[in-house]
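Engineer: The structure follows.
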Amino acid sequence: MAKVTKNNLAFKKPIISTAENLISTDDLLSNLASLHEELSSLPQDNVNFDSLDEYKTGLANKKLLKHKNPGVRAFVACCLSDILRLYAPDAPYTDTQLTEIFKLFLSQFEQLGYPENGYYIQQTFLITKLLEYRSIVLLTDLPTSEKLLENLFQIFYDDSKNFQPKLFNVIGNFLGEVISEFDSVPISVLKLIFNKFLTYNPEELPKGLGIVSNCGYEVSLILCEGYSSRMGRHLTRYYSEILYHASNDNERMTYESRNNLKVILSKLHKLVIKIWETVPELVASVIGFIYHELSSDNDQIRILATKLVGTLLTINSDLNFPATHQDTFKSWMLKIADVNPEVRIQWIETIPEILLVRDDISSEIEKGLAKTLIDTDPRVRKLSVVVFEEVPLSEVLKNITNDAVYSSLLHLTREKNRDVRELSINTVAKLYSNSLQSDDSSFQNNKVHEIINSIPSVLFNLYYINDPNINEQVDTVIFEDILPIDTDNESRIKRLLSVLANLDKKAFTSFFAFNKRQLEMSRAFSKYIEFCEQLNNLSDDDNDESSTKSNIMLLLQKTITWLAAGLADPTKGTEALNTLRKLNDPRLYYLVKTCISNEVTFSTLKNSYKELSNKLQDPGLFRKYNMKSVSTIIPRDLAKEVKILLLRSSPIIYNVSNISSLLNISHPSGDTEVELKRKLLDNISKVNPTIFKDQVRMLKDSINEYEESNTGDNNLTINETLKTLYKISKVLKEQIDFDDSFFLTKLNDIALEGKPMMAKYATKIICMSPAPDDLLTRIKKYILPLDREKDNNFTAHVIVLMEIFKFHPHILDEDSTDIVSYLIKDILLSNEVVGNQDNDSSWVTDSQLDESKYYPLANKIFALKLFTNKLRAIAGSVNNDDLAKTFAEKTVKLVFYLIASGGELISENNTENYPTPDAYQTKLRCYSGLQLLKLAKIPKMQHFIKSADVIKLVNIVEDESLPVRKTFLDHLKEYIGSELISIKFLPLIFFTTYEPDKELKKNTKTWINYTFSKPSFKKGTFFERILPRLIHAIAHHPDIVEGLQQTGEAYLNALTTSVDYLIFYFDSIATQENFNLLYYLSERVKNYRDRVAEEESKEEEEEEEKATDGDDVGKENKESVNLDDNPLTRMYIISELSQMILLKLKERKDWQHSAYPGKLNLPGDVFKPFNSIQEAQASFKPYLNETYTEKLENNIRAKVGRIVHSSQTHRQRVQKRMLASEYHGPDKKKRRQKGMINADSSSDSEGDDRAVHAPLRKNLRERKNIDYQDDDSESEQEEE
């Protein structure tokens, strides 16, 4: 076998200078270069080591290793790298020699940072070859390896050096090979590697400046990517050691140690974030720490860990964090329920950014949001709302499809915390505005779409809270987001209809009230400008003018006070208005007057509004007008206050520019749009008909062109046209040309041949004309005599007569007797429809009365209204005219009989006409109650409605039909609230205690609380003074009367029912301020007799005497009745219950009780003084049966406890206090049966939310045989 010939080193020149053989530096450089060239060419596995011995030893000589010439050192290093390559894997040197060699290598590596040095090529060769043949790993076996390793890394991580980018891979792999051989890399080295992620961020560098990449950062990336397994272990060790030391320091619980922990942990988390961005696989090595941090007992650690995971979820990485690290993600999701609110805050803060970058965890996020929106901490709730503010609607709809989340968001608009509430209101308003601009396809959940569409309802319903700050904010968002001012006509109408299409009934009421307020505000603001201009035109020299000026100033200040009272800050509002006056700028006055003018077009309004806002916001406003700076207000605040007043005063919604678009329904997009336009037009015509001024001709033309055969839905109906024109004629009579004979003839034709509602408004318009008598007389002659059988338009003709009685009753003076007689005999006392029909509805609406199907009912209703109008007409003569007085008495009797009989006037013996259909009876009951309320508004008719009769109206309040109850209560509340009727009707409100409809009861309770707080009612103590009337009414309530006639459970139930009525009253009315008065009035009842009961008893005795002819049997039976059947005893028992409840309230609320200082007489129409002192003293004894006292006390105590904490009144009062304090320095309840009691339990439900199991009544009185066949010859009048 042939022997392989090994290569020998041919180089023979000296490289060590001696005394005998001195070598110059140049020669040495030349020799070393030649040696390096030959050594580098020798193959690694085929060289004769003997030929290398001399140079192997010489190269390690310190003379060369530490030669002063850099070139010598560079070539020596290259030669040594070749020696190590050729001798690999064993190095031909001792550890000491290798140490020195590697020190030389490190010095050469340092020079790589200076590319301009003359030996850069040799240094590049050195590092390349050491990497290529892994000679560098010999460093790991040296005693000083850790120190050498640290120095090695410090060289390449020195930012002062300029390593070339082309070497980054070499350097990175070079260092990677080194640390791969280390079982434990020094922490100092790991800090260099990992801290580079913290100190260098390429994204923060300025763009386009050609900045060179950072060597240390690139090397760290290469190490982490190329040596991830090894670096993962090093990262774990690095993270754990630093966290361990920081945690140990934190155990000292000093501020410094806690702060140090926060700083260190924040740096570690920043490192994790950077690694997740660049080398996400490496995060797995520390994810266990993060998981445990999320569950740490240390709040600070949990907060930071929650923030970390949230940030990681916002980063677009090669790995999916929730999928890769499921346990940690689930642990992070649990932080929404963390005990520390700061952790929950940190969780929610990252949600907006997460939703912007990912949609794979949407279901988890929306579940979390559903909880954070109802979190106990207001900061968490606020940040939850911020999510909807910061994330675009498209992303919100895509990621959040749970309708509960949106419902919770809307609920926060009523949040008790000011910051949360204000942010929520602004956010939902913008959410709605953005939704109108998005495609319906964006809504994946129709329920979500419905909720977002309900936002205007939510906002308009906020006005019911009646807080100035909330009102001001809602005013702003409505005109900035919901109905913005800067839209064109077509878009504005479209948006308005879109908003109205989704308003609920309550919001619609608020919307209409909102626009009604605009007129009031406009008039007040206009007066303010008028007074300002007058003052500025007067001089101070003239005494007469001085007096005038004082009067105007007084009026001005009253106007300012009124305008500012509704603002969030009345003081600032007052200052703003005074400042505006002092500016005395005619241009500003002109702009304000333009904005609030009733006839201003929308474009002019918009331009004036913008100009005025810009002028008032000018920072140099006061300097411009040479005014001294006002410390209490700045231009920005002035602009803000005036802006709110302008939004409230300007006709932005009910604008003349909108009318033509609203009247144009020839091309509707649907029935809903037509209905909304008609609804709007109807309200505008009621609230502000003057803005139809320019449309009068068009409305008249519609009437003139009307033909009965042309009644499509493509035009405004003739009913609506007539109604609108009538309302215009009331305020702008001069705008209607009543000299137009064709127009009047057309109205005449409609009155005689049109449908009922058409005839009604045609007649009204005729009555508005300057000389209607002749035309009305012709109409009357055409209609009379009434004959239902022959008259095809009988119902319409009854309405026409009704309107004539209202406006011009003298036209019918000679015919009223016949009209009334016919209506009673042939309409009220007979039935065209007998009994119930299969398709009868339980409630007939007013609009249905215009349908021929319901004409028989309409005839009866309009007959009653005709009687009311007649009574209005003769009201002035009822005290002087016996005929008028008799008619009034019998009409009132008729109406009360209708109520008592449940709406049935036909005798059971009249088989031809009996019974009246149930739906008819229901409507008749309702309208009977309404006619009584209208009669009560007439001062001279009030004495015909006796207090004993008022009590009977409880039948309507507790009627079996919800529409009856609601309609009657709505009118009752309106009349009482406007102080149009006597307060003797007020106790009726408190018989809604057992109202089964929650919404109606809630609204009634809200009305009570609001009306009770009105200044006029407070000043007159109206609600307090009706307590004796309420006690009297309860004592005469049929359920109470029946119960107190019995014993045992029935007796007790009657008492507890009385307690419920009284508690419902006291819950709303009783306060510390009026407690003494209420207790005094409760006691005072026992100082009087029952006038009503005595008068009724007297009447009954007279009837009995007539019936029995003096027989004593009746008297004997009367004496055997239960004592509590005595009306006086019943009244005294209720009085004692009232006192008992008040004492329990005093005890529970810690009120002070002292004797009432005054003396009040109780109303004489209900109460009667005793004839003697002896009689009065006899009433001082207790009347409440002691057998039931303890049970009643327990029952009262339980109920009082509930109203103190959970009643609607309590909640509203608490809310009002909280709202006041903010700016100045659905529960499930158990039900109970009416009247039932559990003396040993306090679980009875409060009066606000009580189920009613006892049937509601439609007739609680026995019928009396009253003959209505004989009638009078008078007539009546009524408002529509």
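The values are calculated or read from the model by the stated rules, or taken from the named source; none is laboratory data. Bear in mind the structure is a predicted one, so any value in this text is a computation, not a measurement. Methodologically, a virtual Cβ is constructed for each residue, glycine included, from the backbone with ideal geometry; neighbour enumeration extends over all protein chains shown. Surface accessibility is based on the protein's heavy atoms, side chains included, excluding ligands, DNA and RNA. Shrake-Rupley method; radii C 1.70, N 1.55, O 1.52, S 1.80 Å.
Engineer: Has the stretch 585-597 got at least one residue that is under 30 Å from R495 (Cα atoms), of a type outside the set (A, V, I, L, M, F, W, C) and open to solvent by 60 Å² or more (accessible area, probe 1.4 Å)?
Structural biologist: The answer is yes, given that some residue of the stretch 585-597 is under 30 Å from R495 (Cα atoms), of a type outside the set (A, V, I, L, M, F, W, C) and open to solvent by 60 Å² or more (accessible area, probe 1.4 Å).
Engineer: With respect to I336, is the statement that it is under 23 Å from H411 (Cα atoms), open to solvent by 10 Å² or more (accessible area, probe 1.4 Å) and in a helix (DSSP H, G or I) true?
Structural biologist: Details: under 23 Å from H411 (Cα atoms): yes; open to solvent by 10 Å² or more (accessible area, probe 1.4 Å): yes; in a helix (DSSP H, G or I): yes.
So I336 fits the description; yes.
Engineer: Here's another thing I want to ask about it. State all residues of the stretch 442-499 that are part of a loop (DSSP other than H, G, I, E, B) and not aliphatic (A, V, I, L, M); if no residue qualifies, say none.
Structural biologist: Just the residues of the stretch 442-499 that are part of a loop (DSSP other than H, G, I, E, B), to begin with: 443-445, 454, 466-467, 483-488.
Answer for the stretch 442-499, where residues must be part of a loop (DSSP other than H, G, I, E, B) and not aliphatic (A, V, I, L, M): F443, Q444, N445, S454, N466, D467, P484, D486, T487, D488.
Engineer: So is S266 at pLDDT below 85 and among the small types (G, A, S) or not?
Structural biologist: When the stated conditions are applied, S266 does not pass them.
Engineer: Determine, yes or no, whether K693 is at pLDDT 85 or above and either touching a helix residue (DSSP H, G or I) at 6+ places or on another chain (Cβ under 6 Å) or assigned to a helix (DSSP H, G or I) (or both). Can you show your working first?
Structural biologist: On the way: at pLDDT 85 or above: no; either touching a helix residue (DSSP H, G or I) at 6+ places or on another chain (Cβ under 6 Å) or assigned to a helix (DSSP H, G or I) (or both): yes.
Considered against the rule, which asks whether it is at pLDDT 85 or above and either touching a helix residue (DSSP H, G or I) at 6+ places or on another chain (Cβ under 6 Å) or assigned to a helix (DSSP H, G or I) (or both), K693 comes out as no.
Engineer: Quick one: would you say T128 is closer than 20 Å to S180 by Cβ and among the β-branched types (V, I, T)?
Structural biologist: yes
Engineer: Taking S317, is it small (G, A, S) and under 28 Å from D403 (Cβ atoms)?
Structural biologist: Against the criterion (small (G, A, S) and under 28 Å from D403 (Cβ atoms)), S317 does not qualify.
Engineer: Ok, one more. Can you name the number of the only condition in (1) over 27 Å from K1146 (Cα atoms); (2) among the aromatic types (F, W, Y); (3) buried (at least 22 other Cβ atoms within 10 Å of the Cβ) that Y994 fails?
Structural biologist: It is condition (1) that Y994 fails.
Engineer: Quickly run through the stretch 139-189 and pick out the residues that are under 19 Å from T128 (Cα atoms) and of a type in the set (D, E).
Structural biologist: Residues satisfying the conditions are E177, E181.
Engineer: Then there is this: So, in the stretch 137-157, how many residues would count as being of a type in the set (K, R) and either modelled with pLDDT under 90 or open to solvent by less than 10 Å² (accessible area, probe 1.4 Å) (or both)?
Structural biologist: Residues flagged as of a type in the set (K, R) and either modelled with pLDDT under 90 or open to solvent by less than 10 Å² (accessible area, probe 1.4 Å) (or both) within the stretch 137-157 amount to 0.
Engineer: Does any residue of the stretch 474-488 turn out to be of a type in the set (D, E), crowded, with 17+ Cβ neighbours inside 10 Å and in contact with a helix residue (DSSP H, G or I) (Cβ under 6 Å, 6 or more places away or on another chain)? Break it down stepwise before answering.
Structural biologist: Taking the stretch 474-488 and keeping what is of a type in the set (D, E), we get 475, 480-481, 486, 488.
Then keep just the ones that are crowded, with 17+ Cβ neighbours inside 10 Å; that gives 475, 481.
Still in the running and in contact with a helix residue (DSSP H, G or I) (Cβ under 6 Å, 6 or more places away or on another chain): 475, 481.
Yes, the stretch 474-488 contains at least one residue that is of a type in the set (D, E), crowded, with 17+ Cβ neighbours inside 10 Å and in contact with a helix residue (DSSP H, G or I) (Cβ under 6 Å, 6 or more places away or on another chain).
Engineer: Of all residues in the stretch 896-919, which are assigned to a loop (DSSP other than H, G, I, E, B) and aliphatic (A, V, I, L, M)?
Structural biologist: L905, I906
Engineer: Something else: Could you grab me the full set of residues in the stretch 892-921 that are β-branched (V, I, T) and crowded, with 24+ Cβ neighbours inside 10 Å?
Structural biologist: Those that are β-branched (V, I, T) and crowded, with 24+ Cβ neighbours inside 10 Å: I899, T916.
Engineer: Then there is this: State whether the residues of the stretch 423-432 include one that is of a type outside the set (D, E), in a helix (DSSP H, G or I), open to solvent by 20 Å² or more (accessible area, probe 1.4 Å) and touching an Asp or Glu at 6+ places or on another chain (Cβ under 6 Å).
Structural biologist: Taking every residue of the stretch 423-432 in turn, at least one turns out to be of a type outside the set (D, E), in a helix (DSSP H, G or I), open to solvent by 20 Å² or more (accessible area, probe 1.4 Å) and touching an Asp or Glu at 6+ places or on another chain (Cβ under 6 Å).
Engineer: Restricting attention to the stretch 647-656, does a residue exist that is open to solvent by less than 20 Å² (accessible area, probe 1.4 Å), in a helix (DSSP H, G or I) and touching a Gly at 6+ places or on another chain (Cβ under 8 Å)?
Structural biologist: Within the stretch 647-656, one or more residues are open to solvent by less than 20 Å² (accessible area, probe 1.4 Å), in a helix (DSSP H, G or I) and touching a Gly at 6+ places or on another chain (Cβ under 8 Å).
Engineer: Right, here's the next one. Tally the residues that are assigned to a helix (DSSP H, G or I) and closer than 21 Å to K129 by Cβ, restricting the search to the stretch 3-40. Quick ask: steps written out before the conclusion?
Structural biologist: Restricting attention to the stretch 3-40, the residues satisfying the condition of being assigned to a helix (DSSP H, G or I) are 25-40.
Within this subset, residues satisfying the condition of being closer than 21 Å to K129 by Cβ are 29, 31-40.
Result for the stretch 3-40: 11.
Engineer: Just the residues that are part of a helix (DSSP H, G or I) and either among the charged types (D, E, K, R) or under 34 Å from the mean Cα position of the chain (by Cα) (or both), please, taken from the stretch 286-304.
Structural biologist: E293, D299, R302, I303, L304
Engineer: Checking the structure you have, find out if any residue of the stretch 728-744 is surrounded by 18 or more Cβ atoms within 10 Å (Cβ to Cβ) and basic (K, R).
Structural biologist: So far as the stretch 728-744 goes, no, none of its residues is surrounded by 18 or more Cβ atoms within 10 Å (Cβ to Cβ) and basic (K, R).
Engineer: Quickly run through the stretch 1016-1036 and pick out the residues that are crowded, with 22+ Cβ neighbours inside 10 Å and not in a helix (DSSP H, G or I).
Structural biologist: Result: I1026, H1036.
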